[in-house]
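Okay, so here's the structure we're looking at.
The values are calculated or read from the model by the stated rules, or taken from the named source; none is laboratory data. Predicted model only: the values in this text are computed from it and were never measured. Neighbour counts run over all protein chains shown; Cβ positions are idealised from the backbone, glycine included.
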Amino acid sequence: MATVLMQLIGNEYASALPLLQDVADSSQLATDKLEQGIRGRTNIDSTTRNQLIKSRCGQGVFRANVRLNEDRCRVTGVTDPTYLRASHIKPWKDSTDDEKLNGCNGLLLAPHVDHLFDKGKISFADDGHLIISDKLDRDLLFRWGIGENLNVGSFNNEQAKFLAYHRGSVLKH
């Protein structure tokens, strides 16, 4: 899988090959188990089963693409991929097919940060400053150790385009 991705994205990303191979190897086991579980379900029809399997495969590609840009949760600093979610910046339901797999449309986030981001309770400025929704109880951030004046580092131009969408359409005002 990693070799095919390399052929698609070009030689300038050759240094990413070991990372892609690690992702492919570690996630393949989990993907196989999930696929087995989905195939074994009797409470859903075959069309739904096939759609679930395809979406899981796409999630693996998306996660690998996100890891080309991100190596940690920008908020918590956690680097172990076991504890990180590949979160779409522009929600999957609103994205084109290309955007759904585009690594710049994603962040690696710890689960609690991912929840806040997906629900529009937080977002980020292009320069990395944390934006907090008026709808979020700031005491929650304090309890989770997330500083209100946090800067997570600037984003690249393509990520900034997706973040503009997130701020305009997902962030609760």
- The correct count of residues that are charged (D, E, K, R) and under 15 Å from T76 (Cβ atoms) in segment 121-147 is 1
- For segment 72-109, how many residues meet the condition of being in a loop (DSSP other than H, G, I, E, B) and either touching a residue at least 12 places away in the same chain (Cβ under 8 Å) or under 18 Å from G120 (Cβ atoms) (or both)? 12
- Only one of (1) in contact with a strand residue (DSSP E or B) (Cβ under 7 Å, 6 or more places away or on another chain); (2) surrounded by 15 or more Cβ atoms within 10 Å (Cβ to Cβ); (3) small (G, A, S) fails for G120. Which number is that? (1)
- Task: Quickly run through segment 110-137 and pick out the residues that are part of a helix (DSSP H, G or I) and either modelled with pLDDT under 95 or touching a Ser or Thr at 6+ places or on another chain (Cβ under 8 Å) (or both).
- Result: V113, D114, F117, D118
- Report, by residue number, each residue of segment 62-82 that is of a type in the set (F, W, Y) and at pLDDT 95 or above. none
- Taking the stated definitions as given, is K172 in a loop (DSSP other than H, G, I, E, B) and without any contact (Cβ under 8 Å) to a residue 40 or more places away in the chain? no
- Message: Given the condition exposed (fewer than 11 other Cβ atoms within 10 Å of the Cβ) and either touching a residue at least 12 places away in the same chain (Cβ under 8 Å) or in contact with a helix residue (DSSP H, G or I) (Cβ under 9 Å, 6 or more places away or on another chain) (or both), answer yes or no: does some residue in segment 159-169 qualify?
- Response: no
- Condition met for L136 (under 24 Å from Y83 (Cβ atoms), surrounded by fewer than 20 Cβ atoms within 10 Å (Cβ to Cβ) and touching a residue at least 12 places away in the same chain (Cβ under 8 Å)): yes
- Those residues of segment 67-105 which are basic (K, R) and touching a strand residue (DSSP E or B) at 6+ places or on another chain (Cβ under 8 Å) amount to R67, R72, R74, R85, K100
- Count of segment 75-104 residues which are surrounded by 17 or more Cβ atoms within 10 Å (Cβ to Cβ), closer than 14 Å to Y165 by Cβ and among the β-branched types (V, I, T): 1
- Task: Tell me, yes or no, whether segment 133-149 has at least one residue that is under 23 Å from N69 (Cα atoms), assigned by TED's automatic domain parsing to the domain that holds T76 and touching a Phe, Trp or Tyr at 6+ places or on another chain (Cβ under 8 Å).
- Result: no
